[in-house]
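First the structure, in the form of C-alpha coordinates, and then the observations on it.
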Amino acid sequence: MQLYNKLSAKERAALLEEAGEDRLTLSFYQYAKIGNPELFRNHLFIAWDEMEVLGRIYVAHEGINAQLSVPAKNFGKFKEFLDGIYFLENVRLNIAIEHDIKSFLKLKVKVRDKILADGLNDATFDVTNKGVHVDAKTFNELLEDPNTVLVDMRNHYESEIGHFKGAVTPDVDTFRDSLSIIEEDLKDHKEDKNLVMYCTGGIRCEKASAYYKHKGFKRVYQLEGGIIEYARQVENLKLENKFLGKNFVFDHRRGERISDEVISNCHQCGKPCDTHVNCANEACHLLFIQCEECAEKMSNCCSDKCQEIAALPYEEQKALRKGKGNSNKIFKKGRSEVLIYKR
Ligand SMILES: [Zn+2]
Ligand SMILES: [Zn+2]
(Lines give C-alpha, C1' and ligand atoms only; values in the text may rest on other atoms or scores of the structure.)
(Ligands and ions follow the chains in the order given, each with its own letter.)
Protein backbone atom coordinates (compact mmCIF):
# COMPACT_ATOMS: atom_id res chain seq x y z
CA MET A 1 0.00 0.00 0.00
CA GLN A 2 1.37 3.39 -0.96
CA LEU A 3 0.65 6.07 1.61
CA TYR A 4 3.08 8.76 0.50
CA ASN A 5 4.10 10.67 -2.63
CA LYS A 6 6.44 8.83 -4.94
CA LEU A 7 7.11 11.79 -7.22
CA SER A 8 9.04 14.92 -6.37
CA ALA A 9 7.34 18.29 -6.97
CA LYS A 10 9.60 18.83 -9.98
CA GLU A 11 8.74 15.50 -11.56
CA ARG A 12 5.06 16.19 -10.92
CA ALA A 13 5.20 19.64 -12.55
CA ALA A 14 6.79 18.11 -15.65
CA LEU A 15 4.13 15.40 -15.78
CA LEU A 16 1.26 17.91 -15.42
CA GLU A 17 2.75 20.05 -18.16
CA GLU A 18 2.94 17.04 -20.43
CA ALA A 19 -0.54 15.76 -19.72
CA GLY A 20 -1.98 19.27 -20.23
CA GLU A 21 -5.31 18.10 -18.82
CA ASP A 22 -7.86 20.34 -17.16
CA ARG A 23 -7.78 20.40 -13.39
CA LEU A 24 -10.29 22.01 -11.05
CA THR A 25 -8.96 23.88 -8.04
CA LEU A 26 -11.32 23.64 -5.10
CA SER A 27 -11.61 23.86 -1.36
CA PHE A 28 -13.96 22.66 1.33
CA TYR A 29 -14.09 22.22 5.08
CA GLN A 30 -16.31 20.39 7.48
CA TYR A 31 -16.40 20.21 11.24
CA ALA A 32 -17.18 16.66 12.33
CA LYS A 33 -16.13 14.35 15.10
CA ILE A 34 -13.44 12.11 13.68
CA GLY A 35 -12.45 9.34 16.06
CA ASN A 36 -9.27 8.20 14.36
CA PRO A 37 -7.77 10.97 12.19
CA GLU A 38 -4.76 8.80 11.26
CA LEU A 39 -6.96 6.11 9.79
CA PHE A 40 -9.14 8.68 8.03
CA ARG A 41 -6.02 10.34 6.63
CA ASN A 42 -4.80 7.06 5.13
CA HIS A 43 -8.24 6.33 3.70
CA LEU A 44 -8.26 9.72 1.94
CA PHE A 45 -4.71 9.41 0.73
CA ILE A 46 -5.18 6.01 -0.89
CA ALA A 47 -8.39 7.00 -2.66
CA TRP A 48 -7.27 10.46 -3.77
CA ASP A 49 -3.81 9.41 -4.88
CA GLU A 50 -5.51 6.98 -7.23
CA MET A 51 -7.70 9.79 -8.61
CA GLU A 52 -4.59 11.95 -9.11
CA VAL A 53 -5.85 14.51 -6.61
CA LEU A 54 -3.20 17.00 -5.46
CA GLY A 55 -3.36 19.48 -2.63
CA ARG A 56 -3.01 20.36 1.03
CA ILE A 57 -5.48 18.71 3.37
CA TYR A 58 -5.64 18.87 7.16
CA VAL A 59 -7.45 16.28 9.19
CA ALA A 60 -8.09 16.51 12.94
CA HIS A 61 -10.44 15.17 15.58
CA GLU A 62 -12.60 18.25 14.86
CA GLY A 63 -12.91 17.78 11.07
CA ILE A 64 -11.28 18.36 7.72
CA ASN A 65 -10.00 21.41 5.82
CA ALA A 66 -8.96 20.80 2.24
CA GLN A 67 -7.50 22.77 -0.63
CA LEU A 68 -6.92 20.65 -3.66
CA SER A 69 -6.99 20.15 -7.39
CA VAL A 70 -8.75 17.31 -9.18
CA PRO A 71 -8.39 16.26 -12.82
CA ALA A 72 -11.63 17.32 -14.51
CA LYS A 73 -12.07 13.80 -15.85
CA ASN A 74 -12.07 12.40 -12.30
CA PHE A 75 -14.36 14.98 -10.75
CA GLY A 76 -17.43 12.72 -10.83
CA LYS A 77 -15.54 9.95 -9.10
CA PHE A 78 -14.18 12.39 -6.53
CA LYS A 79 -17.65 13.77 -5.76
CA GLU A 80 -19.04 10.27 -5.42
CA PHE A 81 -16.28 9.43 -2.97
CA LEU A 82 -17.08 12.50 -0.83
CA ASP A 83 -20.79 11.72 -0.84
CA GLY A 84 -19.96 8.24 0.43
CA ILE A 85 -18.59 9.73 3.67
CA TYR A 86 -21.56 10.62 5.87
CA PHE A 87 -20.26 13.97 7.12
CA LEU A 88 -19.09 15.01 3.65
CA GLU A 89 -22.25 14.20 1.75
CA ASN A 90 -23.19 17.32 -0.22
CA VAL A 91 -20.47 19.36 1.46
CA ARG A 92 -20.20 22.77 -0.18
CA LEU A 93 -17.25 22.85 -2.59
CA ASN A 94 -15.71 26.22 -3.37
CA ILE A 95 -14.50 25.88 -6.91
CA ALA A 96 -11.93 28.51 -7.86
CA ILE A 97 -12.70 30.63 -10.87
CA GLU A 98 -9.03 30.70 -11.73
CA HIS A 99 -8.00 27.23 -12.81
CA ASP A 100 -4.27 27.06 -12.42
CA ILE A 101 -3.27 23.52 -13.39
CA LYS A 102 -0.17 23.74 -11.27
CA SER A 103 -1.80 25.14 -8.12
CA PHE A 104 -0.61 22.06 -6.20
CA LEU A 105 2.23 19.68 -6.99
CA LYS A 106 1.82 17.09 -4.27
CA LEU A 107 -0.87 15.37 -2.31
CA LYS A 108 -0.30 16.21 1.33
CA VAL A 109 -2.81 14.92 3.84
CA LYS A 110 -1.70 15.88 7.33
CA VAL A 111 -3.04 15.04 10.74
CA ARG A 112 -3.18 18.13 12.95
CA ASP A 113 -4.46 18.92 16.43
CA LYS A 114 -7.01 21.31 14.93
CA ILE A 115 -8.13 22.30 11.45
CA LEU A 116 -8.31 25.88 12.73
CA ALA A 117 -5.78 27.06 15.30
CA ASP A 118 -7.85 28.79 17.96
CA GLY A 119 -6.34 28.09 21.37
CA LEU A 120 -9.69 26.84 22.64
CA ASN A 121 -10.35 23.84 24.77
CA ASP A 122 -12.84 22.18 22.48
CA ALA A 123 -13.76 19.54 25.01
CA THR A 124 -15.84 22.25 26.68
CA PHE A 125 -18.15 22.88 23.73
CA ASP A 126 -19.55 21.17 20.66
CA VAL A 127 -18.02 22.64 17.53
CA THR A 128 -20.68 20.99 15.36
CA ASN A 129 -23.44 22.91 17.20
CA LYS A 130 -23.18 25.82 14.81
CA GLY A 131 -25.18 28.99 14.25
CA VAL A 132 -27.76 29.54 11.55
CA HIS A 133 -26.24 29.62 8.06
CA VAL A 134 -27.62 32.41 5.88
CA ASP A 135 -27.29 33.02 2.15
CA ALA A 136 -26.41 36.39 0.61
CA LYS A 137 -30.05 37.51 0.35
CA THR A 138 -30.95 36.73 3.98
CA PHE A 139 -27.61 38.17 5.08
CA ASN A 140 -28.44 41.47 3.35
CA GLU A 141 -31.84 41.51 5.07
CA LEU A 142 -30.29 40.85 8.48
CA LEU A 143 -27.97 43.83 7.95
CA GLU A 144 -31.03 46.08 7.62
CA ASP A 145 -32.24 45.01 11.08
CA PRO A 146 -31.26 47.62 13.72
CA ASN A 147 -30.85 44.78 16.21
CA THR A 148 -28.00 43.26 14.22
CA VAL A 149 -24.36 43.42 15.22
CA LEU A 150 -22.19 42.45 12.27
CA VAL A 151 -18.73 41.14 13.11
CA ASP A 152 -15.79 40.49 10.80
CA MET A 153 -14.05 37.37 12.14
CA ARG A 154 -10.87 37.95 10.16
CA ASN A 155 -7.59 39.62 11.10
CA HIS A 156 -6.73 43.32 10.85
CA TYR A 157 -4.78 43.08 7.59
CA GLU A 158 -7.70 41.30 5.93
CA SER A 159 -10.51 43.65 6.95
CA GLU A 160 -8.29 46.68 6.27
CA ILE A 161 -8.61 46.31 2.47
CA GLY A 162 -12.22 45.16 2.43
CA HIS A 163 -15.22 44.56 4.69
CA PHE A 164 -18.98 44.81 4.86
CA LYS A 165 -20.51 48.25 5.46
CA GLY A 166 -21.05 48.78 9.16
CA ALA A 167 -19.08 45.73 10.32
CA VAL A 168 -17.13 45.64 13.57
CA THR A 169 -13.55 44.84 12.50
CA PRO A 170 -11.51 43.79 15.54
CA ASP A 171 -7.88 44.97 15.40
CA VAL A 172 -6.44 41.51 15.95
CA ASP A 173 -3.61 39.37 14.61
CA THR A 174 -5.29 36.04 15.22
CA PHE A 175 -8.68 34.41 15.30
CA ARG A 176 -8.21 33.54 18.97
CA ASP A 177 -7.87 37.22 19.94
CA SER A 178 -11.10 38.26 18.28
CA LEU A 179 -13.25 35.68 20.10
CA SER A 180 -12.76 37.16 23.56
CA ILE A 181 -12.90 40.81 22.43
CA ILE A 182 -16.31 40.33 20.84
CA GLU A 183 -17.59 38.29 23.75
CA GLU A 184 -16.69 41.12 26.12
CA ASP A 185 -18.19 43.84 23.89
CA LEU A 186 -21.50 42.03 23.51
CA LYS A 187 -21.89 40.44 26.92
CA ASP A 188 -25.02 42.48 27.75
CA HIS A 189 -26.74 41.59 24.50
CA LYS A 190 -26.60 37.80 24.46
CA GLU A 191 -30.34 37.48 24.00
CA ASP A 192 -31.56 40.63 22.26
CA LYS A 193 -29.07 41.19 19.42
CA ASN A 194 -28.51 39.23 16.24
CA LEU A 195 -24.85 38.30 16.23
CA VAL A 196 -24.01 37.99 12.53
CA MET A 197 -20.54 36.88 11.51
CA TYR A 198 -18.57 36.45 8.32
CA CYS A 199 -15.09 35.47 7.21
CA THR A 200 -13.37 34.48 3.95
CA GLY A 201 -14.89 31.06 3.33
CA GLY A 202 -16.84 30.28 6.50
CA ILE A 203 -14.47 28.06 8.48
CA ARG A 204 -13.72 30.67 11.14
CA CYS A 205 -17.29 31.84 11.78
CA GLU A 206 -18.48 28.31 11.96
CA LYS A 207 -16.30 27.63 14.96
CA ALA A 208 -16.99 31.09 16.37
CA SER A 209 -20.74 30.55 16.09
CA ALA A 210 -20.53 27.28 18.05
CA TYR A 211 -18.37 29.04 20.63
CA TYR A 212 -20.80 31.96 21.09
CA LYS A 213 -23.79 29.65 21.32
CA HIS A 214 -21.94 27.77 24.03
CA LYS A 215 -21.36 31.14 25.77
CA GLY A 216 -25.10 31.82 25.85
CA PHE A 217 -25.71 33.91 22.74
CA LYS A 218 -29.17 33.12 21.44
CA ARG A 219 -29.27 34.62 17.93
CA VAL A 220 -26.12 33.56 16.15
CA TYR A 221 -25.84 33.69 12.36
CA GLN A 222 -23.04 33.14 9.88
CA LEU A 223 -22.64 33.97 6.22
CA GLU A 224 -22.70 30.63 4.43
CA GLY A 225 -19.55 30.13 2.35
CA GLY A 226 -18.12 33.47 3.50
CA ILE A 227 -17.27 36.44 1.31
CA ILE A 228 -16.27 34.16 -1.58
CA GLU A 229 -19.75 32.66 -1.87
CA TYR A 230 -21.45 36.02 -1.12
CA ALA A 231 -19.69 37.62 -4.09
CA ARG A 232 -20.79 34.77 -6.32
CA GLN A 233 -24.43 34.98 -5.22
CA VAL A 234 -24.54 38.77 -5.51
CA GLU A 235 -23.29 38.48 -9.07
CA ASN A 236 -25.52 35.57 -10.11
CA LEU A 237 -28.73 36.77 -8.43
CA LYS A 238 -28.09 40.48 -9.04
CA LEU A 239 -28.38 41.35 -5.36
CA GLU A 240 -27.20 44.54 -3.71
CA ASN A 241 -23.48 44.24 -2.90
CA LYS A 242 -22.81 45.42 0.65
CA PHE A 243 -19.14 44.51 0.61
CA LEU A 244 -16.63 47.32 0.15
CA GLY A 245 -13.21 46.81 -1.41
CA LYS A 246 -11.20 43.64 -1.76
CA ASN A 247 -11.45 40.18 -0.28
CA PHE A 248 -8.04 39.16 1.07
CA VAL A 249 -7.11 35.66 -0.14
CA PHE A 250 -4.28 33.42 0.96
CA ASP A 251 -2.77 32.58 -2.41
CA HIS A 252 -0.52 34.42 -4.84
CA ARG A 253 -3.33 36.86 -5.78
CA ARG A 254 -3.54 38.19 -2.18
CA GLY A 255 -6.86 39.90 -2.89
CA GLU A 256 -9.98 39.60 -5.05
CA ARG A 257 -11.75 42.83 -5.91
CA ILE A 258 -15.42 42.75 -4.87
CA SER A 259 -16.34 46.42 -5.27
CA ASP A 260 -14.66 49.42 -6.89
CA GLU A 261 -14.09 51.33 -3.63
CA VAL A 262 -10.54 51.51 -2.33
CA ILE A 263 -10.93 51.72 1.45
CA SER A 264 -7.32 51.54 2.62
CA ASN A 265 -4.15 53.58 2.17
CA CYS A 266 -0.58 53.01 1.12
CA HIS A 267 1.30 52.44 4.36
CA GLN A 268 4.20 54.58 3.12
CA CYS A 269 2.66 57.68 1.52
CA GLY A 270 -0.93 57.50 2.72
CA LYS A 271 -2.67 57.74 -0.62
CA PRO A 272 -5.62 55.41 -1.38
CA CYS A 273 -4.31 51.93 -2.19
CA ASP A 274 -5.27 48.33 -1.40
CA THR A 275 -2.41 46.32 -2.87
CA HIS A 276 -0.68 44.00 -0.41
CA VAL A 277 2.96 43.17 -0.98
CA ASN A 278 5.69 41.41 0.95
CA CYS A 279 8.89 43.37 1.66
CA ALA A 280 11.52 42.39 -0.93
CA ASN A 281 14.12 41.89 1.79
CA GLU A 282 13.77 38.13 2.28
CA ALA A 283 14.81 38.40 5.91
CA CYS A 284 11.93 40.83 6.57
CA HIS A 285 9.11 39.73 4.24
CA LEU A 286 6.68 42.06 6.08
CA LEU A 287 3.19 42.05 4.58
CA PHE A 288 2.01 45.61 4.00
CA ILE A 289 0.13 47.92 1.62
CA GLN A 290 2.28 49.70 -0.95
CA CYS A 291 1.35 51.87 -3.95
CA GLU A 292 3.19 51.61 -7.27
CA GLU A 293 5.14 54.84 -6.80
CA CYS A 294 6.34 53.80 -3.35
CA ALA A 295 7.20 50.34 -4.67
CA GLU A 296 9.43 51.94 -7.25
CA LYS A 297 10.96 54.48 -4.89
CA MET A 298 11.59 51.86 -2.16
CA SER A 299 12.57 48.96 -4.49
CA ASN A 300 9.58 47.00 -3.12
CA CYS A 301 10.87 47.30 0.45
CA CYS A 302 9.20 48.41 3.68
CA SER A 303 12.05 50.63 4.93
CA ASP A 304 15.36 52.25 3.99
CA LYS A 305 17.15 49.59 5.98
CA CYS A 306 15.46 46.75 4.09
CA GLN A 307 16.17 48.55 0.82
CA GLU A 308 19.88 48.62 1.65
CA ILE A 309 19.91 44.93 2.56
CA ALA A 310 17.89 43.87 -0.50
CA ALA A 311 20.43 45.67 -2.73
CA LEU A 312 23.34 43.57 -1.40
CA PRO A 313 24.56 40.51 -3.32
CA TYR A 314 22.63 37.40 -2.34
CA GLU A 315 25.60 35.78 -0.57
CA GLU A 316 26.07 38.85 1.62
CA GLN A 317 22.37 38.89 2.51
CA LYS A 318 22.62 35.25 3.49
CA ALA A 319 25.64 35.95 5.68
CA LEU A 320 23.72 38.78 7.40
CA ARG A 321 20.78 36.48 8.14
CA LYS A 322 22.95 33.70 9.51
CA GLY A 323 22.14 32.78 13.08
CA LYS A 324 19.33 35.35 13.32
CA GLY A 325 16.48 33.09 12.38
CA ASN A 326 13.45 34.48 10.62
CA SER A 327 12.25 37.92 11.51
CA ASN A 328 9.10 37.66 13.60
CA LYS A 329 7.58 40.38 11.41
CA ILE A 330 6.42 37.51 9.22
CA PHE A 331 3.88 36.87 11.91
CA LYS A 332 3.24 40.54 12.59
CA LYS A 333 1.58 41.12 9.29
CA GLY A 334 1.39 44.80 8.46
CA ARG A 335 2.55 45.88 11.91
CA SER A 336 5.82 47.76 11.99
CA GLU A 337 6.88 51.16 13.31
CA VAL A 338 8.33 51.94 9.84
CA LEU A 339 4.85 52.01 8.31
CA ILE A 340 3.69 55.48 9.21
CA TYR A 341 0.28 55.26 7.55
CA LYS A 342 -0.74 51.89 8.97
CA ARG A 343 -3.99 52.57 10.82
ZN1 LIG B 1 2.65 55.07 -1.52
ZN1 LIG C 1 11.24 45.09 5.29
Search the structure for amide H atoms under 5 Å from the amide H of Leu244, placed 1.01 Å from N in the peptide plane, and list their residues when 5 or more places away or on another chain.
His163, Phe164, Lys165
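If each DSSP helix of 4+ residues adds -39,500 (n - 2.57) and the sum is divided by the residues in the chain, what number results at 222 nm, nearest 500 deg cm²/dmol?
The per-residue figure over the chain is -8500 deg cm²/dmol.
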Based on the alpha-carbon gyration tensor of region 45-100 and its eigenvalue square roots a ≥ b ≥ c, which shape applies: rounded if a/c is under 1.5, prolate if not and a/b is larger than b/c, or oblate?
rounded
Just grab the label-to-label distance for Asp192 and Lys305, each label 7 Å out from Cα along the Cβ direction, in nm (one decimal).
5.1
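Assuming R0 = 41 Å, can you tell me the calculated FRET efficiency for the pair Arg253 and Glu144, based on Cβ-Cβ distance, to the nearest 0.05?
0.80
Calculate, for the chain, the solvent-accessible area per residue in square angstrom, rolling a 1.4 angstrom probe over the heavy atoms of the protein chains. Each step should come with its number before you reach the end.
On the way: 17470 Å² over 343 residues.
Value for the chain: 51 Å² per residue.
In terms of the Cα gyration tensor, with a ≥ b ≥ c the square roots of its eigenvalues, is region 184-343 rounded because a/c is under 1.5, prolate because a/b exceeds b/c, or oblate?
Values: a/c = 2.62, a/b = 1.86, b/c = 1.41.
It is prolate, given that a/c is not under 1.5 and a/b is the larger ratio.
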From the Cα gyration tensor of region 239-285, with a ≥ b ≥ c the square roots of its eigenvalues, which class applies: rounded if a/c is under 1.5, or else prolate if a/b is larger than b/c, or else oblate?
oblate
Along the charge dipole of region 95-190, which of Pro170, Val111, Ala123 sits closest to the positive end, that is, farthest toward it, with unit charges on the beta carbon of Lys, Arg, Asp and Glu (+1, +1, -1, -1)?
Val111
Under 5 Å between amide H atoms, partner at least 5 residues away or on a different chain: which partners does Glu256 have, H built in plane at 1.01 Å?
Asn247, Phe248, Val249
Obtain the nm distance between the two label points defined at Gln317 and Glu38 by a simple spin-label model: each point lies 7 Å from its Cα along the Cα-to-C-beta direction.
4.2
Calculate, for Lys218 and Glu89, the FRET efficiency according to 1/(1 + (r/R0)^6) with r their C-beta to C-beta distance and R0 35 Å; round to the nearest 0.05.
0.75
Length gain on complete extension for the stretch Glu296 to Asp185, per 0.36 nm per residue less the alpha carbon to alpha carbon distance?
35.7 nm
Share of accessible surface on carbon and sulfur in the chain, whole %, 1.4 Å probe and ligands ignored, is 50
Restricting to bridges with both residues inside the chain, how much of the DSSP beta-bridge set is antiparallel, in percent to the nearest 5?
60
Just to confirm the filter: which chymotrypsin sites (Phe, Trp or Tyr not before Pro) across region 201-304 are DSSP coil and have at most 10 other Cβ within 10 angstrom of their Cβ?
Phe250
Compute the label zone of Asp260 within region 209-236: residues whose backbone N is under 18 Å from the point 7 Å along Cα-to-Cβ.
235
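Between Lys108 and Met51, what length in nm is gained on full extension when 0.36 nm per residue of separation is reduced by their alpha carbon distance?
Numbers: separation 57, 0.36 × 57 = 20.52 nm, distance 1.40 nm.
Roughly 19.1 nm would be gained on extension.
The values are calculated or read from the model by the stated rules, or taken from the named source; none is laboratory data. Since this is a predicted model, take the numbers as computed values, not measurements. Neighbour counts run over all protein chains shown; Cβ positions are idealised from the backbone, glycine included. All accessible areas refer to the heavy atoms of the entire protein, side chains included, with ligands and DNA or RNA removed. Shrake-Rupley method; radii C 1.70, N 1.55, O 1.52, S 1.80 Å.
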